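Here the structure is laid out as structure tokens; the discussion comes afterwards.
Each reported figure results from applying straightforward, stated rules to the coordinates on display, with no laboratory input. Note that the structure is predicted; figures quoted are calculated from it, not measured. Positions of Cβ are backbone-derived with ideal geometry, glycine not excepted, and every protein chain shown enters the neighbour counts.
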Amino acid sequence: MATEPEKVLMERRFHGTREEMRQMREALRTVLAANGADTEQQQRVVLAVCEACMNIVQHGYDGRPGPIGLTLRRRDDHLEVELVDEAPTLSPLDLIPRQREALRPGGLGLHLIRSIMERVELEAAGAEGGNRLRMVTQLEHGAKGK
């Protein structure tokens, strides 16, 4: 079976404020629906993206809004969400979730993201710093969209 070319479904830049996060969630949900994701998958993907954005704001920008770039791509039956920030560069080891026994309130974000997405990868965004987080999931069977 031939591989479809990658298709960019959404590109958005925002600063992680409450209002911008609300607008991003609505736009992401709309694009996911238009590309065949059912309601349950839309909710899961939006939840994973929001958790990742909140982690960027909380840990990368010390609780203050900062620039975040979001790109949603589709290749065949997979969706890839890429988040790029300008926060201090993290190590991929920073994505290793704590053991469940060591979790405290607010410490479930990585567990949640990893339970929703099939693949989660972190790398430096560039020589100047920043981070690139990629999260990949498969469209539900039978959800082949446009």
Would you order V49, V136 from fewest to most other beta-carbon atoms within 10 Å of each residue's own beta-carbon?
-> V136, V49
Can you pull the one-decimal nm distance between simple spin-label points at L47 and R25, each 7 Å off the Cα toward Cβ?
-> 1.2
For the stretch 1-97, the dipole about the Cα centre with charges only on Cβ (Lys and Arg +1, Asp and Glu -1), to the nearest 20 debye, works out at 260
So how much slack lies between R13 and L112, counting 0.36 nm per residue of separation and subtracting their Cα-Cα distance, in nm?
-> 33.3 nm
